[in-house]
Structure formats: structure tokens, C-alpha cells
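A short reminder: the numbers here are calculations on the coordinates, not readings from a lab. Keep in mind that what you see is a predicted model, and the values were worked out from it rather than measured. Here the Cβ positions follow ideal geometry from the backbone for every residue, glycine too, while neighbour counts run over all protein chains shown.
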Amino acid sequence: MNLVYTVRFAEAAIRLPKEARAKLPKALKLLAEDHRHTSLQTKKIQGLGDREIFEARLDQKIRFTFQVHGDALILRNIGEHDACIENP
């Protein structure tokens, strides 16, 4: 699948701690190959009505959100778990 980066995602990714930024390329590669890869622990975010937004795990503290749109995955947000999920 093709990855599409929103401005918000790109800006948030730059602000990640160095250790998290180092893990991001591997996670995005897995996401592009199979957005339901077990390492990502992907799940649908509940309580958003009809909007199908998913969260995936970068590490214990950091999550990122995305939407599936045709053959593209739109990367929406990334950051610490609670803050990222509150504003997917």
C-alpha cells in the first residue's frame, strides 16, 4: 500500500524523541506491507461514528493513527498514546 503523510503527521514525527524516530522507518515499512501486521497491534479507534480510523503501535508509549483510502494509507497523527488517540 502507498503511504500518504499529512502535514500534521510529518510535523509530529519530527518532534518525536530520537529513539522513537529511529523506530519509525521499520514500523512504516511493516505498515505498507501489511497494515494488520502483528507487531503493529493495529486496532480500530472506537467512538468515532462512521469514520474508520486505526491506531498502530510504534513502541510502548508511541502510537500513530491512519485511515485506509483505496490502496493508500493516510497517516494522520503520531505521538504519546493518550494525546494521539484523543486527536486521531
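If you go through region 43-70 and pick out every residue that is assigned to a loop (DSSP other than H, G, I, E, B) and surrounded by fewer than 17 Cβ atoms within 10 Å (Cβ to Cβ), you end up with 12. Here L24, L3, L75 are screened, and the one residue that is touching a residue at least 24 places away in the same chain (Cβ under 8 Å), in contact with a Phe, Trp or Tyr (Cβ under 7 Å, 6 or more places away or on another chain), surrounded by 12 or more Cβ atoms within 10 Å (Cβ to Cβ) and not in a loop (DSSP other than H, G, I, E, B) is L75.
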